[in-house]
Structures are given as C-alpha cells and as structure tokens.
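Student: Here it is, the structure in full.
The values are calculated or read from the model by the stated rules, or taken from the named source; none is laboratory data. Because the structure is predicted, anything quoted here is derived from the model rather than measured. All Cβ positions, glycine included, derive from the backbone under ideal geometry; neighbour counts span all protein chains shown. With ligands, DNA and RNA removed, areas are computed over all heavy atoms of the protein, side chains included. Shrake-Rupley method; radii C 1.70, N 1.55, O 1.52, S 1.80 Å.
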Amino acid sequence: MQDLIKLTDEIIEKVSACNSADALNDVRVEYLGKKGTLTLIMKEMKDLSPEERPAFGQKVNDVRQKAENAIASMKEKLEAAATAEKLSAEKIDVTLPAREQKTGHPHPCQLALDEMERIFVGMGYEVVEGPEVEWQEYNFTKLNIPEGHPARDVQDTFYINDQILLRSQTSPVQARVMEKGKLPIRMIAPGRVFRSDSIDATHSPSFNQIEGLVVDKHITMTDLKGTLSQFARELFGENTKTRFRPHHFPFTEPSAEVDVSCYKCGGTGCRFCKGEGWIEILGCGMVHPNVLKMCGIDPEEYTGFAFGVGLERIALLKYEIDDMRLLYENDLRFLGQF
Ligand code: DAH
C-alpha cells in the first residue's frame, strides 16, 4: 500500500516534467501500457488471498485513475501551448503592402463589337448567331452565288468536302434567318469567318464580321443610308460624314461600299486616310429579289437591306492600330493599352 502511494507521486511528478506530447506518451506507456507498471501490479493480485483482493484492486484503480487524470490535463496544457506558439508564428503583418493583382479586360475587338452591338440593339436589332462550319448552299447558293462563280474558288475558301466549308462570310446567317419565315427582320450577326489568305498587316485566314439584315414592307435605300449614316456617327463621332460608292455584291442590288470621312483630318486628307479624306468601312445593298425568293419571301411584298462590316477593321480604325497582326498576338504589353 505504501508503494502504491509512492508510485502515484512518482507518476504525477514524471507527467508534470513532460514538455512534449511524445514525452507524455512515453510516460503513459511506461505506467499504463500493456506491459506498464500498473498492469503488472494488477497481475500480481492472484498471489493475494481472496479477502485482500478487493481492497487492493480498489487502490490500484485509484492510482490508475489519478495517473490518467494527470496525463489528460497535461495533454490539454501541451496542446494549448502548441496552438499559441503556432498562432504567434503565423501572425499576419497587415501593414505590409498588398501584392499587385493583374485584372484582365476586354480585347479591342470585343470592345468594338460591344460598341456596335450597343448601337444596333439601340435601334431595335436582335443579335443572332450562325454556324462557322456551313453548307455551301447557305454560304453561296442561297446568296445568289451560283456554281462556277469566282467567289467559290477553292483558292480562297476552306472546304471540308464539296458540300460543307468554313464560312467565308457571315452572310449565310441572312439566309438562315429569312428561311425561318418570321417577319419583319431586324438583326445583326457577329461571328468568325475563314478565307485562304496569308497573314499580313491587313489580312488573316480567320477574322470576324458583323452581318446586318432588315426585311420589312416598304424598306428602301433611304432606310439603308439613314441607318448606316447614324451608325457611323455613333461609332466615330457626330461630325462623321458617309459616302456611298456603287459596288457589286451578288446578294444585293443595288450594292454600295460605304466610306466615312476621316475622323483624324475631318476629310481634308492626312497620313491616316492616305490623303483620301475618306476611309472605307463596310459593304451593303438592297437584298436581291432572288435571295428573298430563295429564302421563301415574296419580293413583291417585302424588301430589305443588308450590310457586312469587318470587325478587326473597325477595331484598327477606332483604336488607331496600324497592323492587324497585333490583334492576334496576345502580347499583354499591347493589349494592356485599351
Ligand atoms: N459578305 C460580304 C463580304 O464578305 C460583305 C457584305 C457586303 C455583306 C454587302 C452584306 C452586304 O450583307 O450587303 O465581303
């Protein structure tokens, strides 16, 4: 019995001398483990007389209980100390300067597209999309470009097979929308187009266009001129003048190319407009009656106008960029300027 009291003191002393979880665990194993001192003492009970056993067992359990309590409270203390130490080591200095965060922003082509969409949506147009991989029938036939027409040349069009190609223009979206038969139509269709061109300052095998189409009763060339002149003023400034030059497109009749007065020199001629005073921005015309007919619309009842704008060209003009390749290189030093 005396030994048991001593043993209790010994355990408590050892526990309180522990300065780490490992050391504490060693003490636990030494006394309470399977081969620990207290376990061995319990085994000696069989040598006692049956009368002595209960009192002895009771005492040993007392010691075990005290040892377990001491270990548990020491464990708590050590853990609290470890947490405190970790927290003070990880303290954040909120006075340090922040790390710079680079935020992205829209590409100049996207900015130009957003601006054009804003202008046309403001005039009541709907924005629609068509497929980049297209039937030759939509890209050509339904646009009054019959077989044998030079626009179909394999030299400048990417064919998948003889019926399917990468669209060379956004104009096929006109045919797709007209065929749906919902009139009147007022839509723009932005998207990527493909041509077998080599890359230079003004050409790329893949670029973007914005197609426009209006079909309704009593649409005339006046509506076309008024709409595109207003568009040019909103895009390039209210003093911008427009000039419609006769041109030819298979799917419009009559057709025109539109120039805007140079917004750098106001039309007197400068380096920016190459001395012309005018800058070409798009192609347009009155929808050809053949196209209306092929898309199921009666040209006696309905008329319309259409136009096609090169997106990159507008971005280059608007942001005074002199080489189209800059738009595709994704050089952040360039892109960061817009
Ligand atoms: N699709 C023509 C091109 O790629 C551009 C164009 C011209 C579209 C006149 C039109 C239009 O809708 O009426 O060169």
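Student: Which residue is nearest to the chain's Cα centre (by Cα), if the candidates are limited to region 269-311 and must be small (Gly, Ala, Ser) and within 15 Å of Lys142 (Cβ to Cβ)?
Tutor: We begin by selecting, within region 269-311, every residue small (Gly, Ala, Ser); these are 269, 275, 277, 283, 285, 296, 304, 306, 308, 310.
Next cut, within 15 Å of Lys142 (Cβ to Cβ) only: 296, 304, 306.
On the way: Gly296: 38, Gly304: 36, Ala306: 31 Å.
So the residue we want is Ala306.
Student: Moving on to the next point. Consider region 60-89. How many of its residues are over 29 Å from Thr39 (Cβ atoms) and among the acidic types (Asp, Glu)? Spell out how you get there, then give the answer.
Tutor: Filtering region 60-89 for residues over 29 Å from Thr39 (Cβ atoms) gives 80-89.
When the remaining residues are screened for being among the acidic types (Asp, Glu), the result is 85.
Matching residues across region 60-89 total 1.
Student: Hey, any hits in region 224-244 for a residue that's surrounded by fewer than 15 Cβ atoms within 10 Å (Cβ to Cβ), within 21 Å of Met178 (Cβ to Cβ) and in the same structural domain as Leu316 (by TED's automatic domain parsing)?
Tutor: no
Student: Across region 295-305, which residue is nearest to the ligand (Cβ to nearest atom) among those that are farther than 27 Å from Ala232 by Cα and not hydrophobic (A, V, I, L, M, F, W, C)? Write out each step before concluding.
Tutor: We begin by selecting, within region 295-305, every residue farther than 27 Å from Ala232 by Cα; these are 295-301.
Within this subset, residues satisfying the condition of being not hydrophobic (A, V, I, L, M, F, W, C) are 296, 298-301.
Details: Gly296: 18, Asp298: 20, Pro299: 16, Glu300: 21, Glu301: 21 Å.
Looking at residues that are farther than 27 Å from Ala232 by Cα and not hydrophobic (A, V, I, L, M, F, W, C), I get Pro299.
Student: Output the residues belonging to region 70-117 that are surrounded by fewer than 12 Cβ atoms within 10 Å (Cβ to Cβ), within 30 Å of Glu234 (Cα to Cα) and not polar (S, T, N, Q).
Tutor: Hits for region 70-117 are Gly104, His105, Asp114.
Student: Collect the residues in region 187-236 that are in contact with a helix residue (DSSP H, G or I) (Cβ under 8 Å, 6 or more places away or on another chain) and aromatic (Phe, Trp, Tyr), keeping them in residue-number order.
Tutor: Phe207, Phe231, Phe236, listed by residue number.
Student: Please find, within region 319-335, the residue that is nearest to the ligand (Cβ to nearest atom) out of those that are open to solvent by 70 Å² or more (accessible area, probe 1.4 Å) and in a helix (DSSP H, G or I). Spell out the reasoning first.
Tutor: Step one: filter region 319-335 for residues open to solvent by 70 Å² or more (accessible area, probe 1.4 Å), giving 320, 322, 325, 328-330, 332-333.
Imposing the further condition that a residue be in a helix (DSSP H, G or I) reduces the set to 325, 332-333.
Details: Arg325: 20, Leu332: 31, Arg333: 32 Å.
So the residue we want is Arg325.
Student: Picking from Leu316, Leu292, which residue would you name as being more than 12 Å from the ligand (Cβ to nearest atom), under 19 Å from Ser255 (Cβ atoms) and either among the basic types (Lys, Arg) or part of a helix (DSSP H, G or I) (or both)?
Tutor: On the way: Leu316 fails: under 19 Å from Ser255 (Cβ atoms).
It is Leu292.
Student: Which of the residues belonging to region 137-167 are assigned to a loop (DSSP other than H, G, I, E, B) and touching a strand residue (DSSP E or B) at 6+ places or on another chain (Cβ under 7 Å)?
Tutor: Of the residues in region 137-167, the ones assigned to a loop (DSSP other than H, G, I, E, B) are 140, 144-149, 153-158, 160-163, 167.
Residues satisfying the conditions are Thr157, Phe158, Ile160, Gln163, Arg167.
Student: Continuing with the same structure: Go through (1) out of contact with any Gly (no Cβ under 7 Å at 6 or more places or on another chain); (2) assigned to a loop (DSSP other than H, G, I, E, B); (3) buried (at least 17 other Cβ atoms within 10 Å of the Cβ); (4) among the β-branched types (Val, Ile, Thr) for Thr170 and report which single condition fails.
Tutor: All conditions are met except number (1).
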